[in-house]
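**Q** Provided herewith is a single structure, encoded as structure tokens, for subsequent inquiry.
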Amino acid sequence: MTHAYLRLRRGMAAAVTAGVLVVPAVGGTATALPSPAAAVATGTEPPSPSSSGDGVVELTPAVRQQVDEAVQRVMKQASIPGVSVGIWTPGKGEYVKSFGVADKSTGRPMNPGLYMRIGSETKTFTVTAVLQLVDEGKIGLDDTIGKYIDGVPNGDRITLRQLAGMRSGLFNYSADDDFFKALTSDPQRPFTPQQLLGYSFKHPVLFPPGEQFYYCNTNLILLGLVVEQMSGQDLDAYVQEHILDPAGLEHTLFPTGNEFPTPHSQGYTDQTATGKVEDSADWDPSWGWAAGAMISQLEDLRVWARTVATGVLPDGGRMISPATQRQRLITPPTPIPGAGYGLGIFDVQGWIGHNGSLPGYESLTIYLPSARATLVVVLNTDINYKNQEPSTLFGDAITRIISPDHVFDLPAEPAAR
């Protein structure tokens, strides 16, 4: 299905199949893997109150206490330095709280207002740009990528829809050994989109377009280039003018280098040349570009969660047309139980949105339409716990409390092959 992470060689959660797992696009079978998140989520707290017809519970003092305890339990078990959590449930309360530290060396506390790198949540912005161009009649979802970009393997057969839906068959550049060595040997080096595509295109295609689901950052690099070509703007400028400004996202940006506004959290990763944990705050995210370079903040992600899930701007206007939004939200099933992936967006047990992971940072931004509820989690490490992304651990633990009928329960990724 769909995790939007920007992983290096480790790949993504099985639920996201980050470029290391090839699975049938529709149908097929999948083994339900035991989820460490479920174990973290349970523990000794009293059972959650039953959800109402809209799928979420009221955020009473007792429920808030359960969330506190669940977050702290995940932090302890997975050694998370710092995390901020936002829950917004219209008519039933909201919860915004930070835990732990933003900087391990100084003890500076985590804060909901900090800027954070959001990794593959960038995909939701890039695909939104593509869909806006569809609305304008400048491109078509069923156009082939070869119409716009030369030299793409199977480019005369792969459609823009298949790129956005992770069904192109192209190799994921971030799973290439040479790319991993280049990035980790000099994390501050910039990459161009063409260099990233080069790491992918030296590999044979994995399957014919549309036949399987394979989470692949290469797809988004190509879509970013299409946006630039057909809009006449650099991708960062297009996203700012046509997405961030209309949505009022004043604390979200598409960096062109390693700029990182203050105040921000430091980030801790073991995706390094030595395997030792390093602070990645000043790494250049250009290697993620249209797939994972963006920066945001908790409150902006709250606004974006509803906008991307509904296509509606905060002022009631439209980000994209209703018809195109319906196309985005067609989320064919994947072999991951309870998870489907549409056009740069996933649906896990009714929660719609995306997650993000790149060295040092993870995020989760999801929206439950039945309750108009939003959950945002941002944290300052991407180090796995028992093969599980930490953002998924938090999503699972929190939704077991606030939406017991809609649990964000992605399975752990399989052992490396």
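**Q** From (1) more than 19 Å from G342 (Cα to Cα); (2) outside any helix (DSSP H, G or I); (3) out of contact with any strand residue (DSSP E or B) (no Cβ under 6 Å at 6 or more places or on another chain), pick out the condition that doesn't hold for S168.
**A** (1)
**Q** May I ask you to say which residue of G356, G342, G317 is of a type outside the set (F, W, Y) and closer than 30 Å to K97 by Cβ?
**A** Values: G342 fails: closer than 30 Å to K97 by Cβ; G317 fails: closer than 30 Å to K97 by Cβ.
Going through G356, G342, G317 in turn, just one is of a type outside the set (F, W, Y) and closer than 30 Å to K97 by Cβ: G356.
**Q** Then there is this: With the requirement that a residue be farther than 17 Å from M116 by Cβ and acidic (D, E), what does segment 354-406 give you?
**A** Result: D396, D405.
**Q** Could you tell me which of the residues T310, T331 is within 18 Å of P90 (Cα to Cα) and surrounded by fewer than 23 Cβ atoms within 10 Å (Cβ to Cβ)?
**A** Selected residue: T310, the only one of T310, T331 that is within 18 Å of P90 (Cα to Cα) and surrounded by fewer than 23 Cβ atoms within 10 Å (Cβ to Cβ).
**Q** Which residues, taken from segment 156-170, are in contact with a helix residue (DSSP H, G or I) (Cβ under 6 Å, 6 or more places away or on another chain) and surrounded by 21 or more Cβ atoms within 10 Å (Cβ to Cβ)? Full working, then the answer.
**A** First, pick out the residues of segment 156-170 that are in contact with a helix residue (DSSP H, G or I) (Cβ under 6 Å, 6 or more places away or on another chain): 156, 158, 163-164, 168, 170.
Across segment 156-170, the qualifying residues are I158, L163, A164, S168, L170.
**Q** Sticking with this one: Quick check on I345: is it surrounded by fewer than 20 Cβ atoms within 10 Å (Cβ to Cβ) and in contact with a helix residue (DSSP H, G or I) (Cβ under 8 Å, 6 or more places away or on another chain)?
**A** Values: surrounded by fewer than 20 Cβ atoms within 10 Å (Cβ to Cβ): no; in contact with a helix residue (DSSP H, G or I) (Cβ under 8 Å, 6 or more places away or on another chain): yes.
Judged against the criteria, I345 is not a match.
**Q** Which condition number in (1) farther than 18 Å from F213 by Cα; (2) within 23 Å of the chain's Cα centre (by Cα); (3) of a type in the set (A, V, I, L, M, F, W, C) is the one that L163 fails?
**A** That leaves (1) as the condition not met.
**Q** Just give me the residues in segment 346-379 being over 14 Å from G86 (Cα atoms), β-branched (V, I, T) and touching a Gly at 6+ places or on another chain (Cβ under 7 Å), in sequence order.
**A** If the condition is that a residue be over 14 Å from G86 (Cα atoms), β-branched (V, I, T) and touching a Gly at 6+ places or on another chain (Cβ under 7 Å), then V348 is the only one that fits.
**Q** Surrounded by fewer than 21 Cβ atoms within 10 Å (Cβ to Cβ) and β-branched (V, I, T): is that true of T218 in this structure?
**A** no
**Q** Kindly state which helices (runs of 4 or more DSSP H) lie completely within segment 242-334 and contain at least 1 residues that are aromatic (F, W, Y). If you could, list the steps in order and put the result at the bottom.
**A** Details: elements: 289-292, 298-310, 322-328.
Here the list reads 289-292, 298-310.
**Q** I've got another one for you. Of the residues that sit in segment 106-129 and are in contact (Cβ under 8 Å) with a residue 60 or more places away in the chain and part of a loop (DSSP other than H, G, I, E, B), which one is surrounded by the most Cβ atoms within 10 Å (Cβ to Cβ)?
**A** My answer is I118.
**Q** Specify the residue that is nearest to S280 (Cα to Cα); the eligible residues are those in segment 245-258 that are of a type outside the set (D, E, K, R) and surrounded by fewer than 22 Cβ atoms within 10 Å (Cβ to Cβ).
**A** Within segment 245-258, the match that is nearest to S280 (Cα to Cα) is N258.
Each reported figure results from applying straightforward, stated rules to the coordinates on display, with no laboratory input. Here the structure is a predicted model, which means the values were calculated and not measured. Because the Cβ atoms are built from the backbone with ideal geometry, glycine has one as well, and the counts that use them run over all protein chains shown.
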